[in-house]
There are 2 protein chains.
Amino acid sequence: MIQLTPAEESYLKAIYHISDGGKRSVSTNDISFQMKTKPASVSDMLRRLGEKEVIEYRKYYGVNITEEGKKLALQTIRKHRLWEVFLVEKLRFSWDEVHEVADELEHIKSKLLIQRLDEYLGFPKFDPHGDPIPDEYGDVRSRPRLTLSELDINATGQLVAVKDSSAAFLRYLDKVGAYIGARIKVLDKVEFDGSVEILVDNKKTIFMSKDVAGNVLVMV
Amino acid sequence: MIQLTPAEESYLKAIYHISDGGKRSVSTNDISFQMKTKPASVSDMLRRLGEKEVIEYRKYYGVNITEEGKKLALQTIRKHRLWEVFLVEKLRFSWDEVHEVADELEHIKSKLLIQRLDEYLGFPKFDPHGDPIPDEYGDVRSRPRLTLSELDINATGQLVAVKDSSAAFLRYLDKVGAYIGARIKVLDKVEFDGSVEILVDNKKTIFMSKDVAGNVLVMV
DNA sequence: ATTTATTTTTCGATTAGGCTAAAAAAGTTA
DNA sequence: TAACTTTTTTAGCCTAATCGAAAAATAAAT
């Protein structure tokens, strides 16, 4: 079994995400931006990840994640999201507080710990942001999702995820009264600026700009 | 505020324990044994911990932990023991399985996490081995404790901790039917080998050698 | 098709943590 | 006190992860 260091796990996870699950190849600069490290550091890390054969690395041409790499990335993502569920559901963290802590917790190496945590949380299938939690074997149960912008007037749905899960964006959503799990209905769409008016939980009406609505994912 | 690396935290915790809470000074070899690292590595670490002024380090003469060092060590111990409670009470770990995992978890750096965990666990005062959990400020509520060997015949008490919390020893105790929290009564003490016969929870009679009984702590 | 700009890599350093082998200090014994 | 033993430290080297500066490769623009 390939053993990765915590830093290697983090980089691999980032590559998995940026490549959209391995669909696209990823550049050094993109990784550098995501990881908040310098390109020089990324190059070095890519060499190491290439040697461990979790990515395919052609100098100057970006990287592609291998099948083995995907499996390992999904295991890290699984751990990350299970811890997020724990933090939100058991320790009353809000969804914009969980990221950093989960980034540390995801590197704890006990297999038993994750099994028991999963069980303790009732085998959740989605994390607090609505993203699916891979199972032990890396399989994900994904839900068909649309952005709020794509919904027609009078369409209803449930807010299940956000594309941009930055703390700032999450706080903003909370502030306007939206949250993962909220039942929503599209009341109106403004043509000229792409903004939408939605009803949250049949009681509160809020407005969202085109940019915000395009980042909110809804299950119909 | 002094920031310690995970390795520094571990060494400092070891020094705190070996010195019995700062009462004795500690030798390089003792630390080396406890940490399973070479004496050369310990010397190096002591230099660093000395520079950060969490220990007082006089070359060739062992180290003493400073007041600042005690505070930091107690914070790590607090985190370690809270995680142990979590693992045992919530995730159904047995007491001999918690050590390694808690050794990793204790280095997670979120203050909010520990506050919430403490609250979630109901502000426990003792860990699964019966050792006291320091509060946020490093204060410990210790219980008067005796070793099982020190009890007289017919004395009763509650098994509250073990001196040697190695996995082997904990497994052995489990096997013979003893556990933290058990009500015990001394039925007999054998003079010539120092062994004792005890009744556990008013139903099971077990024998313990002098060595074992000397490692079991009882609250009378 | 050159030149210019951008991206990526390499090189040399640094810090943290570990190791081995050798030197030095302290402790013990004759 | 001298010699030997044990403990501790130093010195030099290793890996992981980072950085800045410089070089190299690719991409874009004239």
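The values are calculated or read from the model by the stated rules, or taken from the named source; none is laboratory data. Just so it is clear, the model here is predicted, and its values are computed rather than measured. With ideal geometry, Cβ positions are generated from the backbone for all residues, glycine too; neighbour counts draw on all protein chains shown. Heads up: the accessible areas ignore ligands, DNA and RNA and are worked out on the full protein's heavy atoms, side chains in. Shrake-Rupley method; radii C 1.70, N 1.55, O 1.52, S 1.80 Å.
The single residue among B:43, B:32, B:27 that is more than 7 Å from DNA strand C (Cβ to nearest atom) and open to solvent by less than 30 Å² (accessible area, probe 1.4 Å) turns out to be B:32.
The number of residues in segment B:115-145 being in a helix (DSSP H, G or I) and more than 19 Å from the chain's Cα centre (by Cα) comes to 5.
Of all the numbered requirements in (1) modelled with pLDDT of 95 or more; (2) surrounded by 15 or more Cβ atoms within 10 Å (Cβ to Cβ); (3) within 14 Å of another protein chain (Cβ to nearest Cβ), residue A:96 misses one, and that requirement is (1).
Contact map, segment B:95-117: residues that are outside the structural domain of residue B:10 (by TED's automatic domain parsing) paired with residues that are hydroxyl-bearing (Ser, Thr, Tyr), Cβ distance under 6 Å, separation 6+ or inter-chain. Pairs shown: B:101/A:110; B:106/B:76.
Based on this model, can you work out whether residue A:121 counts as surrounded by fewer than 17 Cβ atoms within 10 Å (Cβ to Cβ), within 12 Å of chain B (Cβ to nearest Cβ), without any contact (Cβ under 8 Å) to a residue 12 or more places away in the chain and touching an Asp or Glu at 6+ places or on another chain (Cβ under 9 Å)?
Values: surrounded by fewer than 17 Cβ atoms within 10 Å (Cβ to Cβ): yes; within 12 Å of chain B (Cβ to nearest Cβ): yes; without any contact (Cβ under 8 Å) to a residue 12 or more places away in the chain: no; touching an Asp or Glu at 6+ places or on another chain (Cβ under 9 Å): yes.
The answer is no for residue A:121.
Here segment A:103-114 is the region considered, the condition is being over 24 Å from residue A:166 (Cβ atoms) and not polar (S, T, N, Q), and the residue that is farthest from the chain's Cα centre (by Cα) is A:112. Residue B:82 fulfils the conditions (1) within 17 Å of the chain's Cα centre (by Cα); (2) more than 8 Å from chain A (Cβ to nearest Cβ); (3) surrounded by fewer than 19 Cβ atoms within 10 Å (Cβ to Cβ); (4) closer than 26 Å to residue A:95 by Cβ except for a single criterion, (3). Of everything in segment B:158-177, what is under 16 Å from residue B:93 (Cβ atoms) and open to solvent by 50 Å² or more (accessible area, probe 1.4 Å)? Give them in sequence order. Scanning segment B:158-177 gives B:171, B:174.
Would you mind stating whether residue A:59 is more than 14 Å from chain B (Cβ to nearest Cβ), open to solvent by 60 Å² or more (accessible area, probe 1.4 Å) and within 16 Å of DNA strand C (Cβ to nearest atom)?
yes
Residue B:22 fulfils the conditions (1) more than 16 Å from DNA strand D (Cβ to nearest atom); (2) within 30 Å of residue A:110 (Cα to Cα); (3) more than 14 Å from chain A (Cβ to nearest Cβ) except for a single criterion, (2).
Of the residues B:15, B:77, B:2, the single one that is away from chain A (no Cβ under 14 Å), open to solvent by less than 30 Å² (accessible area, probe 1.4 Å), away from DNA strand D (no atom under 16 Å from the Cβ) and β-branched (Val, Ile, Thr) is B:77. The one condition from (1) within 14 Å of chain B (Cβ to nearest Cβ); (2) modelled with pLDDT under 95 that residue A:130 does not meet is (1). When segment A:150-175 is filtered for residues that are part of a loop (DSSP other than H, G, I, E, B) and over 12 Å from residue A:215 (Cβ atoms), the ones remaining, listed by number, are A:151, A:152, A:153, A:154, A:155. Here residue B:91 passes the criteria (1) within 14 Å of chain A (Cβ to nearest Cβ); (2) within 30 Å of residue B:210 (Cα to Cα); (3) open to solvent by less than 10 Å² (accessible area, probe 1.4 Å) except the one numbered (2).
Which numbered condition in (1) open to solvent by 10 Å² or more (accessible area, probe 1.4 Å); (2) over 16 Å from residue B:14 (Cβ atoms) is the only one that residue B:131 fails? Unmet condition: (2).
Of all residues in segment A:189-219, exactly one satisfies the criterion of being open to solvent by 90 Å² or more (accessible area, probe 1.4 Å), touching a Gly at 6+ places or on another chain (Cβ under 9 Å) and in a strand (DSSP E or B), namely A:204.
Every condition in (1) within 11 Å of another protein chain (Cβ to nearest Cβ); (2) surrounded by fewer than 20 Cβ atoms within 10 Å (Cβ to Cβ) holds for residue A:105 except the one numbered (2).
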